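*Asks:* Attaching a single structure in structure tokens format; questions to follow.
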Amino acid sequence: MTGRQIRAIGVTVATAAIVFPIALSQPAAAATRPVAVAAPTAHTEATTTAPAPGSYTPVTPYRVCDTRPAGPGIANNQCNDDSTGAGRGPLTQRATRVITVDSFGGLPASGVTAVVVNVTAVAPTVNTYLAVFPDGVTNPGTSNLNPSAGTALANLVEVGVSTAGKIDVFNAVGTVNLVIDIEGYVSAASTGLYTPTTPLRICDTRAPGPGIASNRCNLSGLSPIGPGSTRTFAVSGMGSPVPGTGVTAVVFNLTAIGPTVSTVLTAFAANTAKPNASNLNLVAHSALPNRVIVPVTCTGGNCSVSIWNGVGSVNIAVDIDGWFTTSSGTQFTPLATPARICDTQSGTPSCVKGRVAGGDVLNIGAAGVDGIPDDTGGPGSLVAIVANVTAFNAPTPTFVTVYPGPDSARPPGASDLNPVVNVAATNLVVVGSGSDGSINLYNATGSVNLVVDVLGYYATQAVQSGATYSSTIGGPGHATMYASGMEIAPNGNLVIADTGNNQVAEYTSGGTELWRVGSEGSGASATNIQFEQPRDVGVDSSGNVYVADNGNGRVVELSATGAYVTKWKTEVSGGGAPIGITVSTTTADLPNLPGGQRVYVSDGTQSQITVWNTNGAPVSPAAAATIADTSGACTLNRMRDAAADAAGNVYVA
């Protein structure tokens, strides 16, 4: 093997880094090696979304697919009632199931370029593997899960989405049930930008000792999570690189260690309701990792997450990989087709044939391979890759750590995979590419074969060379359109306040009108939508439209398709004439205003800004519902618009 030898310092490195696995007495099982298998012709779409960079939006985990029959704990869904026409029940041998993700779980109806899903294989009849890829492309011969017969195995996947909002899941052999939970999505209209970091262990509930440092999760000694219990901890502070404010989501590797009985773990934002979803499905006395991309709750200078355990007790370890903010970072681009860049069993241009020995580091060049950009140091440069790593044919229990290049003999004190004897282990990695565009894979003991399948990459944002004319959008009426306010919807379309025609309309970016509603007047009902000089529009994350109906002194809410929803006066008390309106999301809990999605209405005549929940109720407490200052440094006088950032700061025009 040509991996870098570190035998001279192997004892020291092993003592510091061999945190996993705990020696487990599990029966040996035949490894299921991911191989290229021709897929059946089950695709329903002829085209896929062209690879394009986008930003990330986390969502509350949502179960979009469960092939098991509906019953207690299992709702009717597209995978057991054929509601999307893609079939029902478990996946049979060599079957491909088409899953619709657009419009489910908070995803917009269009414009999604990639989706983050937690995929769980449940009770396969034989050892098999599953591959996840964009609908409309040929099976790429890659793999995402390698479950053994009779087990339940989960793995995170970030994969491109077809133009029709669909992904495919392929099962190699036997029969297997499938559960898919949506965790978030990538689109041009999203705002989450990713910052990677060298993996760092920030939480370990085991007692401090050799290879286990004192940390935020074991300050009182051994601290496993009990049955039906939730462990909440900060992902920022105490040496963590994650900022304490402005963070929308984090990426970490969650490893469950030694559960006393079979159980499940669920990760979610602190101080929010536990979703009906799972991240890890464990058997007793095992050690199993899974990558997690989860929203956070930021308050008091700390950003926190929660981990819930179903039954028994279990220790956990958390290795932070990076975080999302709206202020700076990189964008994700899915590969049009997932690509295998390394296979040490058969040999590839990036990896020569041969197992990676214990204590060895395998360095792989990723930049410039299979559509991955080079790291030039300028706009569009490679920063991190998203890949599924499979370890198999291990003669002894070991662990594998994936970390940024260049070639380095000293891995961080973290782990990504925990293969046991002759059982294939898989995990998604989101790993920095290093200054030379490479990644490292370290094997702790014994020897192991490794496969790396790339699903996409994060790159620096490209700089626009300059604006060029594209097209002109015109409406009806004696002067086509009097547009005075505009907002980009989550699906990338344009919503326009046509003041002169007393109408609101939505157009595609290419100028095709999708809907147009309104006439002059004060009517407000499902059959009579009227405006009096609508001056601006705001759009929430679900595509609902909020209209600053200036002449009627009110806000009118429309659905994403232009249907009437509700209306409310724009002043907490008295009259008003709204001129600007913006929907902003605050992730931080402020002293007088909890985090959430708010509607900010600017009234230049009243020289004040009112803050509303999206249902038309003013925020509570009352002191936070009106922003007005007629003297001092913050004097408001005939302002035109206002918006808030993720940290809750309000900006006024």
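*Asks:* Please find, within region 298-322, the residue that is nearest to Ser223 (Cα to Cα) out of those that are at pLDDT 95 or above and open to solvent by 10 Å² or more (accessible area, probe 1.4 Å).
*Replies:* Per the criteria, the residue is Asn315.
*Asks:* I've got another one for you. When you scan region 349-370, how many residues do you find that are open to solvent by less than 60 Å² (accessible area, probe 1.4 Å) and on the phi > 0 side of the Ramachandran plot?
*Replies:* 3
*Asks:* Which residues, taken from region 371-397, are open to solvent by 10 Å² or more (accessible area, probe 1.4 Å) and modelled with pLDDT of 90 or more?
*Replies:* Selection gives Val383, Asn393, Pro395, Thr396, Pro397.
*Asks:* Gly237 passes all but one of (1) at pLDDT below 95; (2) over 16 Å from Ile202 (Cβ atoms); which number fails?
*Replies:* (2)
*Asks:* Moving on to the next point. Look through Arg206, Arg231 and report the one residue that is part of a strand (DSSP E or B), among the charged types (D, E, K, R) and crowded, with 17+ Cβ neighbours inside 10 Å.
*Replies:* Of Arg206, Arg231, the one residue that is part of a strand (DSSP E or B), among the charged types (D, E, K, R) and crowded, with 17+ Cβ neighbours inside 10 Å is Arg231.
*Asks:* Let me ask you something else. Suppose we filter region 245-262 for residues that are closer than 19 Å to Asn315 by Cα and open to solvent by 10 Å² or more (accessible area, probe 1.4 Å); how many remain?
*Replies:* Selection size over region 245-262: 4.
*Asks:* Would you tally the residues in region 209-227 being small (Gly, Ala, Ser) and either open to solvent by less than 40 Å² (accessible area, probe 1.4 Å) or under 19 Å from His285 (Cβ atoms) (or both)?
*Replies:* 5
*Asks:* Just to be sure I understand the filter: pairs with C-beta atoms under 9 Å, separated by 6 or more residues or on different chains, first member in region 90-109 and part of a loop (DSSP other than H, G, I, E, B) and at pLDDT 95 or above, second member charged (D, E, K, R) and open to solvent by 50 Å² or more (accessible area, probe 1.4 Å). Which pairs pass?
*Replies:* From residues that are part of a loop (DSSP other than H, G, I, E, B) and at pLDDT 95 or above, the pairs are Pro90/Arg68.
*Asks:* Next question, about the same structure. I'd like the residue in region 513-540 that is in contact with a Ser or Thr (Cβ under 9 Å, 6 or more places away or on another chain) and not in a strand (DSSP E or B) and, out of all such residues, is most open to solvent (accessible area, probe 1.4 Å).
*Replies:* Gln533
*Asks:* Which of the residues that make up region 398-455 are among the aromatic types (Phe, Trp, Tyr) and either touching a Lys or Arg at 6+ places or on another chain (Cβ under 9 Å) or crowded, with 24+ Cβ neighbours inside 10 Å (or both)?
*Replies:* Phe399, Tyr442
*Asks:* Let me ask another. If we only count strands (runs of 3 or more DSSP E) wholly inside region 298-390, which ones have 2 or more residues that are under 22 Å from the mean Cα position of the chain (by Cα) and among the hydrophobic types (A, V, I, L, M, F, W, C)?
*Replies:* Of the strands (runs of 3 or more DSSP E) lying wholly inside region 298-390, those with at least 2 residues that are under 22 Å from the mean Cα position of the chain (by Cα) and among the hydrophobic types (A, V, I, L, M, F, W, C) span 302-309, 315-325, 331-343.
*Asks:* From Ala154, Ala131, Ala172, Ala234, grab the single residue that is under 28 Å from Thr401 (Cα atoms) and over 22 Å from the mean Cα position of the chain (by Cα).
*Replies:* That would be Ala172, the only listed residue that is under 28 Å from Thr401 (Cα atoms) and over 22 Å from the mean Cα position of the chain (by Cα).
*Asks:* Identify the residue in region 110-131 that is without any contact (Cβ under 8 Å) to a residue 60 or more places away in the chain and surrounded by 21 or more Cβ atoms within 10 Å (Cβ to Cβ) and, among all such residues, is nearest to Leu280 (Cα to Cα).
*Replies:* That would be Ala121.
*Asks:* Here is a further query. With respect to Val565, is the statement that it is open to solvent by 20 Å² or more (accessible area, probe 1.4 Å), closer than 22 Å to Val611 by Cα and among the aliphatic types (A, V, I, L, M) true?
*Replies:* Yes, satisfied.
*Asks:* Of the residues Val369, Val305, which is farther than 26 Å from Ser408 by Cα, out of contact with any Asp or Glu (no Cβ under 9 Å at 6 or more places or on another chain) and hydrophobic (A, V, I, L, M, F, W, C)?
*Replies:* Val305
*Asks:* Checking the conditions here, which among Gly543, Gly510 is open to solvent by 30 Å² or more (accessible area, probe 1.4 Å) and not in a strand (DSSP E or B)?
*Replies:* Going through Gly543, Gly510 in turn, the sole match is Gly510.
*Asks:* Oh, and also: Every residue in region 86-109 that is buried (at least 19 other Cβ atoms within 10 Å of the Cβ) and among the basic types (Lys, Arg), please.
*Replies:* Arg97 - this is the single residue of region 86-109 that is buried (at least 19 other Cβ atoms within 10 Å of the Cβ) and among the basic types (Lys, Arg).
*Asks:* Next question. When the residues of region 562-603 are narrowed to those that are within 15 Å of Glu487 (Cα to Cα) and assigned to a loop (DSSP other than H, G, I, E, B), which ends up modelled with the highest pLDDT?
*Replies:* Ranking the candidates gives Gly562 first.
*Asks:* Sort out which residues of region 605-629 are at pLDDT 65 or above and in a loop (DSSP other than H, G, I, E, B), and write them in order of number.
*Replies:* Thr605, Gln606, Ser607, Thr614, Asn615, Gly616, Ala617, Val619, Ser620
*Asks:* Something else now. Any residue in region 219-242 that's at negative phi: show its pairings with residues that are assigned to a loop (DSSP other than H, G, I, E, B) and among the basic types (Lys, Arg) at Cβ separation under 6 Å, as long as the two are six or more apart or on different chains.
*Replies:* Phe233/Arg216
*Asks:* Which number in (1) among the aliphatic types (A, V, I, L, M); (2) in a strand (DSSP E or B); (3) closer than 17 Å to Val179 by Cα marks the one condition that Ile293 misses?
*Replies:* Among (1) among the aliphatic types (A, V, I, L, M); (2) in a strand (DSSP E or B); (3) closer than 17 Å to Val179 by Cα, the lone unmet condition for Ile293 is (3).
*Asks:* Exactly one condition in (1) free of Cβ contacts under 8 Å to residues at least 40 places away in the same chain; (2) of a type outside the set (S, T, N, Q); (3) touching a Phe, Trp or Tyr at 6+ places or on another chain (Cβ under 6 Å) is false for Gly209; which is it?
*Replies:* Evaluating Gly209 over (1) free of Cβ contacts under 8 Å to residues at least 40 places away in the same chain; (2) of a type outside the set (S, T, N, Q); (3) touching a Phe, Trp or Tyr at 6+ places or on another chain (Cβ under 6 Å) leaves (3) as the failure.
*Asks:* Restricting attention to region 58-85, which residues are within 23 Å of Pro108 (Cα to Cα) and open to solvent by 30 Å² or more (accessible area, probe 1.4 Å)?
*Replies:* Selection gives Pro58, Thr60, Tyr62, Arg63, Ala75, Asn76, Asp81, Asp82, Ser83, Thr84, Gly85.
*Asks:* Just to check your reading of the model, which residue among Ala277, Ala249 is within 23 Å of Gly105 (Cα to Cα) and either in contact with a Lys or Arg (Cβ under 6 Å, 6 or more places away or on another chain) or in a loop (DSSP other than H, G, I, E, B) (or both)?
*Replies:* Selected residue: Ala277, the only one of Ala277, Ala249 that is within 23 Å of Gly105 (Cα to Cα) and either in contact with a Lys or Arg (Cβ under 6 Å, 6 or more places away or on another chain) or in a loop (DSSP other than H, G, I, E, B) (or both).
The values are calculated or read from the model by the stated rules, or taken from the named source; none is laboratory data. These numbers come from a predicted model, not from an experiment. Here the Cβ is made from the backbone with ideal geometry for all residues, glycine too, and neighbour counts use every protein chain on show. Heads up: the accessible areas ignore ligands, DNA and RNA and are worked out on the full protein's heavy atoms, side chains in. Shrake-Rupley method; radii C 1.70, N 1.55, O 1.52, S 1.80 Å.
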